[in-house]
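Data block below; observations after.
The values are calculated or read from the model by the stated rules, or taken from the named source; none is laboratory data. Since this is a predicted model, take the numbers as computed values, not measurements. All Cβ positions, even for glycine, are placed from backbone atoms using ideal geometry, and neighbour counts span all protein chains on display.
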Protein chains: 2
Amino acid sequence: MKIIYFDNSSTTGYKPQCVINASVVAMKYLSANPGRAGHTMSTRAAMLVEKTRSKVASLVGAVSERVIFTSNCTEALNIAILGSLKLHGHVITTAYEHNSVLRPLFEMKKQGLIDITVLRPNNFGVVTADMIERAVKPNTYLVAVNHISNVTGAVMPITEIGKICKKHNLIFSVDGAQSIGYQQLDIKEQNIDMLSIAAHKGLHCCQGIGCLVLSDKMYIKPLKYGGTGTESYSLLQPRELPEALEAGTLATPAIAALNAAIDWNKENMFKIRTKLTSLSMYLIERLNALKKIKIYSSADILNGIISFNAADISSQDVANYLSKEYGICVRGGLHCAPLVHKHFGTTKQGMVRVSFGLENTMEEVDELIKALSKIG
Amino acid sequence: MKIIYFDNSSTTGYKPQCVINASVVAMKYLSANPGRAGHTMSTRAAMLVEKTRSKVASLVGAVSERVIFTSNCTEALNIAILGSLKLHGHVITTAYEHNSVLRPLFEMKKQGLIDITVLRPNNFGVVTADMIERAVKPNTYLVAVNHISNVTGAVMPITEIGKICKKHNLIFSVDGAQSIGYQQLDIKEQNIDMLSIAAHKGLHCCQGIGCLVLSDKMYIKPLKYGGTGTESYSLLQPRELPEALEAGTLATPAIAALNAAIDWNKENMFKIRTKLTSLSMYLIERLNALKKIKIYSSADILNGIISFNAADISSQDVANYLSKEYGICVRGGLHCAPLVHKHFGTTKQGMVRVSFGLENTMEEVDELIKALSKIG
């Protein structure tokens, strides 16, 4: 059975050959530890790492040494949220957040360290800058917002929220997992203080690498302590960035892949977006023609993430049926984002999520529609 | 200029083709998120991850679900040390520890949470089980020991220390960064509670993956909170292992590489050890014949890590000279392990460290000796 992969917002299914090649070259010829010695091999690896760091910085309008390599976007978000923790402060966030934001926040709340306001989206599916501003309390220190919802594809007005954060002197943390590689971001212009990035989604890199990008004003506590190749005599973690937040041997092959992925993405972003828009438009049109399908994603957005349900059938059952009978890979369940399901009343049913990638086709959408027309 | 790579205890220079191939196959055909959906692609990735987990478990006598994938050995050690933290307790450790152990411990000490006893090695270069036992206080809860020193290659008597930890009901954490892939370990037989592993050294895997292996008695706090693919409705981290300690998307290509690396290592461990022993013996013999060379590694161990100094010359200067003039890559400085240098009185000078790998040759040792004979 041919596989139809519609789970690209988890990890994009297509990895460009240049990304794979870069990783192979790093494993073969750059396997020394970057930044740990002055010899040729270590220096070569370090040069590649720093080149990639500066490429990430350019991509999002940041300063190179304030790009921190992490193992994934979850680690970036944890460093951001736990590292900027203020004892007994207040945090504003949204119902769209992934568990990688909610779980560190609610763990801190459980420990009695913070209060949290979770804002639900308005009727247009958006948490506006006004709504954020109205939620500000005297002890608010952090606003944590998901740029693009991994559940419905809803897009938050990052630029406007950034202005409010600047006005009230609040730290602004953005979860860019679903947006980087698809949308342009500029942390300076958008007043973002902490931007967390996944490499294995829109940038089409492999899994195993992410980034936390910090604004000039941020100094945050490390999550991990260890070897940095700097100030080795000191028993305490050095304060200088990026080393302060990068203890341990870096994942050079994945960083090499990211280096290639950013270049590839630059050339292909428009093509990818066009493809996702046309596929989304087509799917929504065809879904609307089916009976008993409820769509949760807005027909105005069309960014490749479309969630729906078929009558009252459990989304997991639909996903299992599609995979088993048609080889169609979609995600059922809660997509690690429980509060948006509470908002939509789908905590029990979940949602069936289709998320498109560059290699998907209209014919594959037809296959999905054919399969769906037989249920519900 | 031909490169001679003598920095294998940082990262082994040679990566077997089967390891590289496994990573490529994962990038091409297994790029869905493991354990996040029930569809074919996600299930395939999950099966590879679980197969690798069970292989790591077999390698060290553990239970599969108590093998935690981390981004490197430093992360494993941080989860172990910070996750098992007891407020106001006492920790015993050794001067041989890497900063990945010392820095989390001394950070906790700085915060007033723990007291630390750092044991210096005896005249044979060893911290014995007796020395550990004599340091036990009523509030001691953790013993953290480096199995093999990354600076001198000294080997600690893990089995005997394990017995003492069991007798006094202490948590026993072992840093296996330099031993895994070279020595056999069995956490059950050796009473190890938390074993931290690097994949990119002795196992000859790529960078970007490590493991923390826990004994049946351990329950520790997570370092990171986020998506686990389990209990997605819950705003708090699930307690079940391994998910509790594995928030975020796993590095499937690196895990695939580890899967292949363990098989490769099983077939080649004896060959590697034989090679490192003969090279070590030859280097020590040749160094002894040079004037003004002081060797810090024991001639009884011969496990491929040999540190020395040339007269009073800074080890960094020697390393730079060897790299620049002869293309020989060795490590100077403190090797991220400051207290062993304090013990040997080499905090200022550092040590020149040669660490051998499978591809090194006697002729390369001759080159090094030739270069060294011209200085000092």
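Looking at the range B:15-22, is at least one residue assigned to a loop (DSSP other than H, G, I, E, B) and touching a residue at least 40 places away in the same chain (Cβ under 8 Å)? Yes, that holds for at least one residue. Just one of the numbered conditions (1) over 23 Å from A:CYS205 (Cβ atoms); (2) surrounded by 22 or more Cβ atoms within 10 Å (Cβ to Cβ) is not true of A:LEU279: (1). Kindly check whether there is at least one residue in the range B:306-316 that is surrounded by fewer than 21 Cβ atoms within 10 Å (Cβ to Cβ), at pLDDT 95 or above, within 11 Å of another protein chain (Cβ to nearest Cβ) and in a helix (DSSP H, G or I). Yes, the range B:306-316 contains a residue that is surrounded by fewer than 21 Cβ atoms within 10 Å (Cβ to Cβ), at pLDDT 95 or above, within 11 Å of another protein chain (Cβ to nearest Cβ) and in a helix (DSSP H, G or I).
For the condition under 30 Å from A:THR347 (Cα atoms), among the acidic types (Asp, Glu) and modelled with pLDDT of 95 or more, what is the one hit in B:GLU285, B:GLU243?
Values: B:GLU285 fails: under 30 Å from A:THR347 (Cα atoms).
Among B:GLU285, B:GLU243, only B:GLU243 is under 30 Å from A:THR347 (Cα atoms), among the acidic types (Asp, Glu) and modelled with pLDDT of 95 or more.
Does B:ILE328 count as within 23 Å of A:SER31 (Cβ to Cβ) and either facing another protein chain (nearest Cβ under 9 Å) or surrounded by fewer than 17 Cβ atoms within 10 Å (Cβ to Cβ) (or both)? Taking the combined requirement at face value, the residue satisfies it. Can you name every residue in the range B:71-86 that is crowded, with 21+ Cβ neighbours inside 10 Å and more than 28 Å from A:GLY13 (Cβ to Cβ)? Scanning the range B:71-86 gives B:CYS73, B:THR74, B:ALA76, B:LEU77, B:ASN78, B:ILE79, B:ALA80, B:ILE81, B:SER84.
Checked against (1) more than 11 Å from every other protein chain (Cβ to nearest Cβ); (2) within 18 Å of the chain's Cα centre (by Cα); (3) surrounded by fewer than 21 Cβ atoms within 10 Å (Cβ to Cβ), A:ILE68 meets all criteria but (3). Remark: pairs (first residue in the range B:103-119, farther than 10 Å from B:HIS88 by Cβ; second residue of a type in the set (Ser, Thr, Tyr); Cβ separation under 7 Å; 6+ apart in sequence or on different chains) = B:ARG103/A:TYR225; B:PRO104/A:TYR225; B:LEU105/B:THR93; B:GLU107/A:TYR225; B:ILE116/B:THR93; B:VAL118/B:THR93; B:VAL118/B:THR94; B:LEU119/B:THR94. Scanning the range B:25-34 for residues that are assigned to a helix (DSSP H, G or I) and without any contact (Cβ under 8 Å) to a residue 40 or more places away in the chain, we see that the one that is nearest to the other protein chains (Cβ to nearest Cβ) is B:LYS28.
Scanning the range B:290-305 for residues that are in contact with a Leu (Cβ under 7 Å, 6 or more places away or on another chain) and part of a strand (DSSP E or B) returns B:ILE293, B:ILE295.
Scanning the range B:320-355 for residues that are under 23 Å from the mean Cα position of the chain (by Cα) and either aliphatic (A, V, I, L, M) or in a strand (DSSP E or B) (or both) returns B:CYS329, B:VAL330, B:ARG331, B:LEU334, B:ALA337, B:LEU339, B:VAL340, B:MET351, B:VAL352, B:ARG353, B:VAL354, B:SER355. Does the range A:114-128 hold any residues that are out of contact with any helix residue (DSSP H, G or I) (no Cβ under 9 Å at 6 or more places or on another chain) and aliphatic (A, V, I, L, M), and which are they? Selection gives A:VAL126 alone. Taken over the range B:35-48, residues that are within 17 Å of B:ALA247 (Cα to Cα), touching a helix residue (DSSP H, G or I) at 6+ places or on another chain (Cβ under 8 Å) and within 8 Å of another protein chain (Cβ to nearest Cβ) amount to 2. Return the residues of the range B:1-11 that are buried (at least 24 other Cβ atoms within 10 Å of the Cβ) and at the interface with chain A (Cβ under 7 Å from one of its Cβ atoms); say none if nothing qualifies. Those that are buried (at least 24 other Cβ atoms within 10 Å of the Cβ) and at the interface with chain A (Cβ under 7 Å from one of its Cβ atoms): B:TYR5, B:ASP7, B:SER10, B:THR11.
Going residue by residue through the range B:24-44, is there one that turns out to be more than 26 Å from A:ALA337 (Cα to Cα), surrounded by fewer than 18 Cβ atoms within 10 Å (Cβ to Cβ) and of a type in the set (A, V, I, L, M)? Within the range B:24-44, one or more residues are more than 26 Å from A:ALA337 (Cα to Cα), surrounded by fewer than 18 Cβ atoms within 10 Å (Cβ to Cβ) and of a type in the set (A, V, I, L, M). Only one of the numbered conditions (1) within 18 Å of A:VAL143 (Cβ to Cβ); (2) facing chain B (nearest Cβ under 8 Å) is violated by A:ALA198, and that is (1). Within the range B:196-212, none of the residues are basic (Lys, Arg) and free of Cβ contacts under 8 Å to residues at least 60 places away in the same chain. Within the range A:279-305, if we keep just the residues that are of a type in the set (S, T, N, Q) and in contact (Cβ under 8 Å) with a residue 24 or more places away in the chain, the residue that is farthest from the other protein chains (Cβ to nearest Cβ) turns out to be A:SER298.
In the range A:340-364, which residue that is aliphatic (A, V, I, L, M) and either free of Cβ contacts under 8 Å to residues at least 60 places away in the same chain or crowded, with 23+ Cβ neighbours inside 10 Å (or both) is nearest to A:SER179 (Cα to Cα)?
Going residue by residue through the range A:340-364, those that are aliphatic (A, V, I, L, M) are A:340, A:351-352, A:354, A:358, A:362.
Adding the requirement that they be either free of Cβ contacts under 8 Å to residues at least 60 places away in the same chain or crowded, with 23+ Cβ neighbours inside 10 Å (or both) leaves A:340, A:351-352, A:354.
Details: A:VAL340: 18, A:MET351: 21, A:VAL352: 20, A:VAL354: 16 Å.
If we take residues in the range A:340-364 being aliphatic (A, V, I, L, M) and either free of Cβ contacts under 8 Å to residues at least 60 places away in the same chain or crowded, with 23+ Cβ neighbours inside 10 Å (or both), then A:VAL354 is nearest to A:SER179 (Cα to Cα).
Applying the criterion of being more than 14 Å from chain B (Cβ to nearest Cβ) and buried (at least 20 other Cβ atoms within 10 Å of the Cβ) to the residues of the range A:210-239, the residue that is modelled with the lowest pLDDT is A:ILE220. For A:ASP300, the requirement of being out of contact with any strand residue (DSSP E or B) (no Cβ under 7 Å at 6 or more places or on another chain), farther than 30 Å from A:THR94 by Cα and not hydrophobic (A, V, I, L, M, F, W, C) is not met.
Counting only strands (runs of 3 or more DSSP E) that sit wholly inside the range A:35-139, those with at least 1 residues that are among the polar types (S, T, N, Q) and farther than 27 Å from A:GLN184 by Cα are A:114-119.
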